[in-house]
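The values are calculated or read from the model by the stated rules, or taken from the named source; none is laboratory data. Keep in mind that this is a model prediction, so the values were computed, not measured. Every residue, glycine as well, gets a Cβ built from its backbone with ideal geometry; the counts of neighbours run over all protein chains shown. Heavy atoms of the whole protein, side chains included, go into the accessibility calculation; ligands, DNA and RNA do not. Shrake-Rupley method; radii C 1.70, N 1.55, O 1.52, S 1.80 Å.
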Amino acid sequence: MKEWEALVSAALLGTARRPLDLSELPESVRGLVNGGDPERMLLSAAALLTGYRRAGRLPERDVTLLSRAPEDPRPVVGPDAAYRLAMLLFGERGNLLAEWLRTVHARGLRVPPERLPVLADAARGRPELRPLVAEAAGPRGPWLAALMPDWAFLAERSADPEVWTHGTTNQRHAWLTDLRTPDPDAARAALAEVWPSEPAPVRVQFLGALHTQLSTSDEEFLEAALDDRARDVRRLAAGLLAALPGSALSERMATRLRALISIRRRTLVVHLPAACDDAMRRDGVNPTPPRGVGERAWWFGQLVSTAPLSVWTGLGHPADELVRMPVEGCDRRLLILGWSAAADREQNAEWVRALLDGDTGLALDQVARLISALPRDQWATAVRPFLQDQLPTALVQALPAPWPADLGNLVLDRIASGGARGLAHVADIAAYAVPPECLDHALTRQVLEHDAAPWRRRLVDTLAFRRGMHEELP
């Protein structure tokens, strides 16, 4: 390499300052450099040395050949879809790559094998793509991961029991999550076996796998986790137990709450808790309030959000009446926020509708969270009242995508009719949030005037692009 560096140095500094030294060149190259001006000799030497380096190497010996990649029986996407994948990978609408990969997986197809390395590189910087790219790689994922350590995520999902004992933390978490669906008891037993020896961050990560198929069979394990030495483990265990109907923790919270509430002369009367004792702390109540919030109100709010909503209806009034009742003893908003959290946790449609119909003063992102707790076929009905005079960006932005088809059509119809504020922002959100069933909406067939608003052109172009993307994946 010294001879090449000498040529580069002479080229950078100029032959007047750094005379060309041909003595460092190989004899076979030096003999072909003709005389003349130094610049010509420099360029000739560089060209000849380049060819010499490319063609003059000795063949490698004792090379270990790569193993053959495993076969993937899935059919490859067609040429049009493969071309669109290249568009998504190399700069055009890359935010649709996840949707394209999900659709390919749902149709039982696979990506062109030559694109797998590029996909793996793209997923390195976008963690949300990693599970999708691992699915796209299929049986070739572990083979590719063995070639490039940066692609280790391609090999994280494996049913091999050896992964649980010898894999990385992410591989073990994926193994536990995958086992939890078909055999929740076996997954919990595997976790219990290693539980005492795992560090706190790993215990938190693994405990989260119990969200899937959560049942009363998990209660004993979770109750024991309430005594864990790590605060994050205790709080996660308490949250899981609160989400488990009929759990002992739910009953303890219900008992505490019943002692603090009553109805007198059609007014909801609240007595704030006097203290946060050790038993409350064990059950997940955080004793330290945020700045500006009173301690007793903070403790009470946590009881409301954790206890079952049946405590309130047990007072003899339905949810819609309770939401509208005057409140004595605490700020009414404290109850509204607690009820909202409980309704979201329980997916309780009666309470969600009562909170949405009542004068609750909830922020639009909180409204969206409540709406998403309803059955999806009720989302459009719940959203419709909010679209009368305007299209609230904060609401549609917070609704999980993809939306149900009737909600997607409702929002697109309102955009098409115009006359609402915030059209541009909502259109940019809807362009990606509406489901494939809405991609043939009349908006996508519009012939836009040359002076059409940029946001409208973006909306139509994106919907048309997505429609073509799905049509290419039969």
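Of all residues in region 256-270, those satisfying the criterion of being in a helix (DSSP H, G or I) and buried (at least 16 other Cβ atoms within 10 Å of the Cβ) are R256, L257.
For region 136-149, the criterion of being under 21 Å from V104 (Cα atoms), under 19 Å from the mean Cα position of the chain (by Cα) and open to solvent by less than 50 Å² (accessible area, probe 1.4 Å) is met by at least one residue. A single entry from E99, E60, E71 fulfils the requirement of being within 30 Å of D428 (Cα to Cα) and either without any contact (Cβ under 8 Å) to a residue 40 or more places away in the chain or among the charged types (D, E, K, R) (or both): E99.
Here W298 fulfils each of the conditions (1) touching a Cys at 6+ places or on another chain (Cβ under 9 Å); (2) part of a loop (DSSP other than H, G, I, E, B) apart from (2).
Close contacts from region 334-354, counting a first residue that is touching a residue at least 60 places away in the same chain (Cβ under 8 Å) and a second that is among the polar types (S, T, N, Q), with Cβ to Cβ under 9 Å and a gap of 6+ residues or different chains, come to R345/S305; R345/T306.
Quick one: in region 69-94, of everything that is open to solvent by 60 Å² or more (accessible area, probe 1.4 Å) and at pLDDT 90 or above, which residue is farthest from A145 (Cα to Cα)? My answer is D80. Whether a residue is free of Cβ contacts under 8 Å to residues at least 40 places away in the same chain, part of a loop (DSSP other than H, G, I, E, B) and open to solvent by 100 Å² or more (accessible area, probe 1.4 Å) was assessed, and E5 does not pass this test.
Please work out if R107 is free of Cβ contacts under 8 Å to residues at least 40 places away in the same chain, open to solvent by 70 Å² or more (accessible area, probe 1.4 Å) and closer than 21 Å to E437 by Cα. No; evaluated as a whole, the condition is false for this residue. Restricting region 275-288 to residues that are surrounded by fewer than 16 Cβ atoms within 10 Å (Cβ to Cβ) and part of a loop (DSSP other than H, G, I, E, B), the residue that is nearest to the chain's Cα centre (by Cα) is N286. For region 32-49, the condition of being of a type in the set (G, A, S) and open to solvent by 90 Å² or more (accessible area, probe 1.4 Å) holds for none of the residues.
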